[in-house]
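Remarks on the structure that follows.
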Amino acid sequence: MTTTVEPANAGPAKAGRAKAEPVEEELPAPPADEEDIPVPPGAPRALLRSLLGPHRARIAVAMVVILVQQAALQSGPLLVAVAMDRGIPALREHDSGPLIAVVAAYLFCAVLSPVLQWAFIKISARVNQDILLDLRGRIFRHAQRLSLDFHERYTSGRIISRATSDIDALRELLSEGLQELLTVFLSVCYISVLLVVLDWRLGLASLLSLLPLALIAHSFRTRSRRVYRRSRTAAASMIVRFTETMNGIRPVQAFRREKANDAAFAVVNQQSSGANAEGFLELARYVGLSRTAANLWITGIVLLGAYLVTEDALELGVLTAFVLYLRRLFDPVDQLAMFLNSYQSAAAALEKIAGLLAHEPTVAEPAEPAELPQAAGKGREVSFERTSFAYRTGKQVLPPFDLLIPAGQTVAVVGATGAGKSTVAKLLARFYDPTDGRIRLDGVDLRDLATPELRRGVVMVTQESFLFSGTVAENIAIGRPGATREEVEQAARDIGAYEFIAALPDGFDTDVRKRGGRISAGQRQLVAFARALLADPAVLILDEATSSLDVPGEQAVQRAMRTVLAGRTAVIIAHRLSTVEIADRVLVMDQGRIVEDGSPQELIEGSGRFAALHRAWRDSLV
Amino acid sequence: MTGSLPTLTAMAENRQDHAPATGQRRSTVRSLLRLWPYARAVRGRLAISATAASLAMLSTLAVPVVLGRIVDGPLAERDLDALWPLVGLLLLLGLIEAALFYTRRVVLSRPLGRLEAAMRGDLYAKLQRLPVSFHDRWGSGQMISRATTDMNAMRLFLAFPLVFLVVNSVTFLAGTALMFTQDWRLALIVLAPAVPLFLLTRRFESGYSVSSRLAQDQNGDLATVVEESVLGIRILKAFGRHRSMAEHFREQSHLLRRTELRKAHLLANLWAVIVGLPEIALGCALAVGAYLVAHDELSAGTLVAFLSTALALRWPVESLGWLLAYANEASTAVDRFFEVMDEPEPENPGVATTLGAPDGIRLTGVRFRYPDAPEGTPDLLTGIDLHIRRGETMALVGATGSGKTTLTALLPRLYETTAGSITLDGTDIRELPREKLRELVAVAFEEPTLFSATVRENVLMGAPGADERQLASALATAQAGFVDKLPAGADTEVGEQGLSLSGGQRQRLALARAVVGDPPFLVLDDPLSALDVHTEALVERALREVLGSTTALVVAHRPSTVLLADRVAVLADGRIEAVGTHQELLRDCPHYRELMSGEAALLPEGPFVPNGGHAR
Ligand SMILES: Nc1ncnc2c1ncn2[C@@H]1O[C@H](COP(=O)(O)OP(=O)(O)OP(=O)(O)O)[C@@H](O)[C@H]1O
Ligand SMILES: Nc1ncnc2c1ncn2[C@@H]1O[C@H](COP(=O)(O)OP(=O)(O)OP(=O)(O)O)[C@@H](O)[C@H]1O
Ligand SMILES: [Mg+2]
Ligand SMILES: [Mg+2]
């Protein structure tokens, strides 16, 4: 039963260490997920320590409170005994004093114990909730810090499961487990002392039983660790499936995937609940075994006691009292099982969370952020220097290239789909760092810019327009938090989105629902555009920002861009070559290379790809 | 930048607009009873478990008796021979007890796992079948929390608290009876708190279940924020807004924290009373009892027996606190579960299996408004009459937000028309089973949503059972030659939502997915928007072959896409304004001319006329 003994006598800080300990015994921790995100040894333990650390004082207070409360509670039977032995005889002598004193003491305990209990629940709830709040925040913030290449393989479902179901596991431990552990520990202590005081020989013999019990608990922990880990992983896969289906409900229904999905979900679902059941089974085994051991021990002690009594080495009355208390020594075995259950599950969850938190973003914040030099105009100069790039999973998408975009230039990037246009844009927006070479903004490497500084410099409208649930105004304001309503409306006006927004049921305060589902695709693009305008960056990247607009809408946007882009550096990716007409320069990309580079006029008059492309496009017009 | 994003904070309220009226809450017991259809399968096991727990309780009570016998008998008389049978009995009791403890848990573990899986599977199946409009309304985090946290609460409740609720009640009743036989006066004193306790727990229950429900909803909201922040990570990164999002998350989790603390507060109050009142009563009983003993109205032995019985009942009463808390949490979880399960599934009366004469697609007087559109707003589609002949390709052209996508969603019945009818080859789509309808009508959505699976799986989704040849030809039609260059060809995983492909690659896969089974009816929503001019031309050429045999509705923004079609329908103000060939419409329909060339819009502007000169 060492588990129960360690934490409390080691104080709250060490309790943390003791709790995290099984995570890294013998077995090296396996990768946190199929995605092989390694859990550094000791990370779960360090995490727990840092979570508990700030609450050390309150945890100590809670322990004292529960200590006194248990004393008050346990003194009940004692006081009853005193009343019987002293109070009643005295009362027979017409001396009601002792009885009144005892009853008063009893009533005092009867009031004290619930008050303390109340205080304990309040204090520990506060500590628990603060810990959970802290951990939730850490997971969230860290997930936000992690780079895109990580998110691409970890998937949203897995992060959701870290922030929800893994947190749940920890919550269970904190809200019930710890109190259980504390009371178990206290009652074991009280009774151990009592036993030893009653008779030291029998007492020590009884306490020896804690050894096999500890062994059983230990073996349960090692055996079940794998099961609980599997349970966490399975829960995560289940959530991944679940979220993906819900997010793609239109294609799911339109392509009649329901039955196939049911079957696929059943697999992960069963894995998840199967792992849970397995954990329960292990627990049942543990309870059965430790009960058996405890009861065998009791029988043994009775025999030993009987022997001592017959040898006249022990008083009969002492033995009676002894065996009755002995039973109570083992009472908490069942309670301990509950604790061990939530504990193991929380340890597995903490391991996963620690794995996530220990993962460093590949696109890291600079240790010593540099400042951008004072800009002369609105725009800034961009230079790619021997930049090359490969996605984590694939071949090199961009072979090394050089590119200088002077401040204030509007560059159109065109080329076949899959040529690498978006990749260039994403590199410039520092979604990824180049595999080789560097990208400079006004001479400063992007890697040396802190996020706020970088985003004042470069902002990108991505190819996928994504809106958050919330109002239209809120979505536009993502471009610049703190923008006034006038500024938001002006941004919308500038690109011709004002009319449609004003026509929505609540105008700018219309909730667009998840992913902006309440407005049409073209309208989403307009909102995403307005957002970028509001951000007012030195370098603006537009990746297919008008692809879903109708022709008049697109032309309105282009007209707006003439004024908006004036002075700014802009990179515009578009398949509709009408965009090119507002560009100072055109880059044609093919298979990751820039194959043509020149002013629109030059290229159109030439005989290269762009000329052909432009001709084809012109022919397609009305 | 460090500051919060004030406007985002309002989202919390927006997410809650679907929050159910707590006023209609059922009582805890009635909610829990709804679990019965699922619990039925495990009722035998539950009974065994409860029995085992009760027997274990009994054997626990029997042990002191045997011990007493040992001490009073063999030991007092120094009769070692008589000791053995009793020690043997003690050992036997101990082993039985251990076996019962084991049994109590072991019989439930797997069945409860199955029960949980069944409930979650049903939830998932149900959600897949609920109409899209339902999903529009609900934050996805709410569903996730139902499938995880809530499910957990229910399983836990069935595993321990339910069994203990039974066992402890039995123990309590038995103990009470015993106390009455021992001394009715003292028993009355000890039982006096029962009435206030009963009233109090009822009050607690109503208060606690409100908080518990709120906490569960807030948990769901939190999951929604997490999900959105991860799915929208590109936007947050592009604008460097992760701090504001984190701030928003922090506020949300503070709300949850407040609710959890409220729960703890209620529970603390209940516990205090539940622990305190009986103890005080016991103190009184002690005083009275001692008085009675002193006046020889009660034997000392009886008093001791009475008090130890009363002390033994401490635990069953005290445990009521957390048992009730568990029960309440489970019951609100059940409420949330059935909130989804009770949602009416779109009824599916259709039984038609064959289509009629080759008539193509015919829309007659189709009206539509979104179910969540506010009162008083006009319908979005106000009487669409359109006939697409069999084998014909019709382009649908309209301004941004005119309702094109909405119209296309009506064909596979992702949304239901408000009025009017749509027929396929003369058969009303409502007479077709949904399954069949969606087999007939294949769709390429404007947002090419792919799933994290291989290219092959994503494409063949459109036609389960299609063979390699069909896959190849679909990929060829969509000009998806890039697939061969992917690391594992058609077996390459495309990542979550297909985001490890370029925009145009995704769109072409979505197109391949639509055309793969040679569906007789095809709906393409702006299928070429992300393609460059060359690829677009290639896709068009290939598509034309496919479209020759199918009846198709193609949403188009660009003249080049319109050229795919035989005729064009112009959608404006919720009606089909004009139908005709491209040339006819250019000539006769000013609105169409404007949509295709932007001319009308440009006229007042004057100076900037990028394509005006190219108009034919
Ligand atoms: N996240 C990713 N992981 C792995 N490969 C990727 C990823 N994103 C893009 N690719 C691959 O990199 C290549 C270039 O993609 P990119 O998105 O830059 O193309 P693009 O020129 O923007 O095309 P489009 O016009 O279709 O948007 C493609 O072959 C694509 O499959
Ligand atoms: N789920 C919804 N609930 C309520 N209103 C909606 C919903 N989806 C779209 N709308 C509204 O219905 C109108 C038509 O939307 P729809 O998506 O059909 O337009 P569209 O013609 O496809 O436009 P686009 O060319 O931009 O794709 C829009 O004004 C939009 O605000
Ligand atoms: Mg792209
Ligand atoms: Mg649309």
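The values are calculated or read from the model by the stated rules, or taken from the named source; none is laboratory data. Small disclaimer: the values here were computed from a predicted structure and weren't measured. Cβ sites come from the backbone with ideal geometry, for glycine too, and all protein chains shown count toward neighbours. These area figures cover heavy atoms from the full protein model, side chains too; ligands, DNA and RNA do not enter into them. Shrake-Rupley method; radii C 1.70, N 1.55, O 1.52, S 1.80 Å.
With a cut-off of 18 Å, note down the residues of the stretch B:513-527 whose backbone N falls inside the zone around a label point 7 Å from the Cα of B:Ala476 toward its beta carbon. Once the point is set 7 Å along Cα→Cβ of B:Ala476, B:513-519 turn out to lie under 18 Å by backbone N, inside the stretch B:513-527.
Apply 1/(1 + (r/R0)^6) to the Cβ-Cβ distance of A:Ala566 and A:Gln591, taking R0 = 41 Å, and write down the FRET efficiency to the nearest 0.05. It would help to have the intermediate numbers written out before the result.
On the way: r = 34 Å, r/R0 = 0.82.
With R0 = 41 Å, the Cβ-Cβ based efficiency is 0.75.
Computed over every Cα-Cα pair of the stretch A:212-276 and binned at 10 Å starting from 0, the pair-distance distribution P(r) comes out as 21, 35, 22, 13, 8, 3, 0 percent.
Among residues other than A:Thr462 whose Cβ falls under 10 Å from its Cβ, what is the net charge (Lys/Arg +1, Asp/Glu -1)? Before the final figure, lay out each step's value.
Details: positive: A:Lys426, B:Arg234, B:Lys237; negative: A:Glu464, A:Asp543, A:Glu544.
With Lys, Arg at +1 and Asp, Glu at -1, the neighbours total 0.
For the stretch B:155-231, the spread of Cα positions along the three principal axes, ordered from largest to smallest, is 68, 25, 10 Å. Taking 7 Å steps out from each Cα toward its Cβ at A:Asp619 and B:Glu545 produces label points 2.0 nm apart. Going down the list A:Lys259/B:Lys436; A:Lys395/B:Lys237; A:Lys395/B:Lys485; A:Lys122/B:Lys263, which pairs span over 18 Å between their C-alpha atoms? In this structure, A:Lys395/B:Lys237 exceed 18 Å between Cα atoms.
Each label point was placed 7 Å from the Cα along the Cα-to-Cβ direction; for A:Asp402 and B:Thr418 their separation is 6.3 nm.
I'd like the per residue volume of the convex hull spanned by the Cα atoms of the stretch B:376-492, given in cubic angstrom.
Working: hull volume 18.5 nm³, N = 117.
So the per-residue hull volume is 158 Å³.
As an exercise, use a Förster radius of 45 Å and the Cβ-Cβ distance of B:Lys485 and B:Gln583 to find the FRET efficiency, rounded to the nearest 0.05. It comes out at approximately 0.70. A Cα-only calculation for the stretch B:494-549 places Rg and Dmax at 11.8, 34 Å.
Counting only the Cα atoms, the stretch B:361-597 fills a convex hull of 124 Å³ per residue. All C-alpha pair distances within the stretch A:198-362, sorted into 5 Å bins from zero, spread as 2, 8, 13, 12, 10, 10, 9, 8, 6, 5, 5, 4, 3, 2, 2, 1, 0, 0 percent across the bins. A convex hull fitted to the Cα coordinates of the protein assembly as shown yields 179 cubic angstrom per residue.
The stretch A:358-434 and the stretch B:456-482 have their alpha-carbon centroids 35 Å apart.
Remark on the stretch B:313-436: hydrodynamic radius 18.3 angstrom, per the Kirkwood mean of 1/r across alpha carbon pairs.
In this assembly, the B-A interface accounts for approximately 16700 Å² of buried accessible surface in total, computed with a 1.4 Å probe and without ligands, DNA or RNA. Placing a label point 7 Å from the Cα of A:Asp334 along the Cα-to-Cβ direction, the residues of the stretch B:35-52 whose backbone N falls under 14 Å of that point are B:49-52. For the Cα trace of the stretch A:87-177, dividing Rg by the Kirkwood Rh returns an Rg/Rh value of 1.50. Of the DSSP H helices in chain B, those with a Cα length along their own long axis of 15 Å or more and a mean Kyte-Doolittle hydropathy reaching 1.6 comprise B:300-312. Computed from the C-alpha gyration tensor, the three semi-axes of the ellipsoid equivalent to the stretch B:286-379 are 75, 18, 9 Å, from longest to shortest. What separates the Cα centres of the stretch B:46-125 and the stretch A:41-85 is a distance of 30 Å. Rounded to the nearest 0.05, what FRET efficiency do A:Val196 and B:His254 give with R0 = 35 Å and r taken as the Cβ-Cβ distance? Could you check? FRET efficiency, A:Val196 to B:His254: 0.10.
Only helical runs count toward this figure. For chain A, summing -39,500 (n - 2.57) over DSSP H runs of n ≥ 4 and dividing by all residues gives -20500 deg cm²/dmol at 222 nm. Between the amide H of B:Ile576 and those of B:Asp385, distances stay under 5 Å, these residues lying 5 or more places away or on another chain, with hydrogens modeled in the peptide plane. With the simple model of a label 7 Å out from the Cα in the direction of the Cβ, B:Asp79 to B:Ile280 spans 5.1 nm.
Applying 0.36 nm per residue to the separation of A:Ala367 and A:Leu133 and subtracting their alpha-carbon distance, the gain on full extension is 81.5 nm.
Pairwise Cα separations in chain B fall into 20 Å bins from 0 onward with the following percentages, short to long: 15, 35, 26, 15, 8, 2, 0.
Ellipticity at 222 nm from helices only: DSSP H runs of n ≥ 4 in chain B, each -39500 (n - 2.57), divided by the residue count, give -19000 deg cm²/dmol.
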